1. Specify the residue that is surrounded by the most Cβ atoms within 10 Å (Cβ to Cβ); the eligible residues are those in segment 83-102 that are in contact with a helix residue (DSSP H, G or I) (Cβ under 8 Å, 6 or more places away or on another chain) and under 18 Å from Ala62 (Cα atoms).
2. I want to confirm something. Restricting to segment 54-82 and keeping residues that are of a type in the set (Phe, Trp, Tyr) and either over 14 Å from Trp41 (Cα atoms) or in contact with a helix residue (DSSP H, G or I) (Cβ under 7 Å, 6 or more places away or on another chain) (or both), which single residue is surrounded by the fewest Cβ atoms within 10 Å (Cβ to Cβ)?
3. Among (1) surrounded by fewer than 11 Cβ atoms within 10 Å (Cβ to Cβ); (2) touching a residue at least 12 places away in the same chain (Cβ under 8 Å), where does Gly119 come up short?
4. Of the residues in segment 79-90, how many are in contact (Cβ under 8 Å) with a residue 12 or more places away in the chain and among the polar types (S, T, N, Q)?
Amino acid sequence: MKTYVKPSIKGLGLLRAVTKLSACPDDEVGFNGVCILPTCWIAAVVFEEDFVTGPRVNLVRAWLHSEFEPSGLGAKLVMSLYRKYGQRVASVVKKNLILKRGFRKLFDKALAKAEAKYGTL
């Protein structure tokens, strides 16, 4: 006689993936079936690219998370604020040409650093 084994979902992976709520890791969000880190709303606005598929947006996003954020306490604070308020700021920047120009200069610098690290588009 076989011994009884209590059913478990432990071996199936993340509960969210099993229940189909989201297949993305904890620090990522899903957009149209793609898992991405939830930042770069402002970059999408200033580069006038899609938030998920924009090539410059994705290059800046990768650089911000892999190079800028780990570079120090100040960078971690900036990224924390960006995650919390970036989407709201982007909606204001989208409507204001002066803010858009200012943020464009900032994100052009981030893009230049990303291109130096990962190659140009």
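No lab work stands behind these numbers, since they all come straight from the coordinates. Computed from a predicted model, the values in this text were never measured in an experiment. Backbone-built Cβ (ideal geometry, glycine too); neighbour counts: all protein chains shown.
1. Applying the filter and picking the extreme gives Gly86.
2. Checking each candidate, the answer is Phe68.
3. (2)
4. Here the count works out to 1.
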